[in-house]
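Computed from the coordinates by the stated procedures, all read-outs in this text should not be read as laboratory data. Quick caveat: nothing in here was measured; it's all calculated off a predicted structure. Note that we place each Cβ from the backbone using ideal geometry, even for glycine, and neighbour counts take in every protein chain shown.
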Amino acid sequence: MTFLEEAREQSEQIKQTFLTRLDQLFADIQIWVTEEGCHTEQNDIEITEKIIGNYVAPSLSILTPQQQKLVDIIPTGAFVIVADGVVKISGQMDQQILAYLRPNE
């Protein structure tokens, strides 16, 4: 079985794992920013991936106490080379990519 065939068979499980990890990441971020006096705003976005197709995932914005947006955290996909999911973190000053790397198996 090829990698793509195997991925297609497991696509729903891979998507659900990615969404669960996003929920955990966003919950952690919400705790961190609240401790600093900021807050978050969560929205839904649509992601399109070749293997999974279209699906809805959460995105997160971090806001100052004055409601000014500091950062957007936007998931880009579950299927990524050498990672099990990626989010893009972007603000006015810079942009970074955060990848979920699986432990050595």
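For the chain, the longest principal axis of the Cα atoms and the long axis of helix 11-35 meet at an angle of about 20 degrees. Taking a straight line from the alpha carbon of Lys69, these lysines sit under 24 Å away, with near neighbours fewer than eight places off in the same chain left out: Lys88. Of the peptides 23-35, 1-13, the ranking by mean beta-carbon count within 10 Å, highest at the top, reads 23-35, 1-13. The charge dipole of the chain, taken about its Cα centre with unit charges on the Cβ atoms of Lys, Arg (+1), Asp and Glu (-1) only, comes to about 160 debye.
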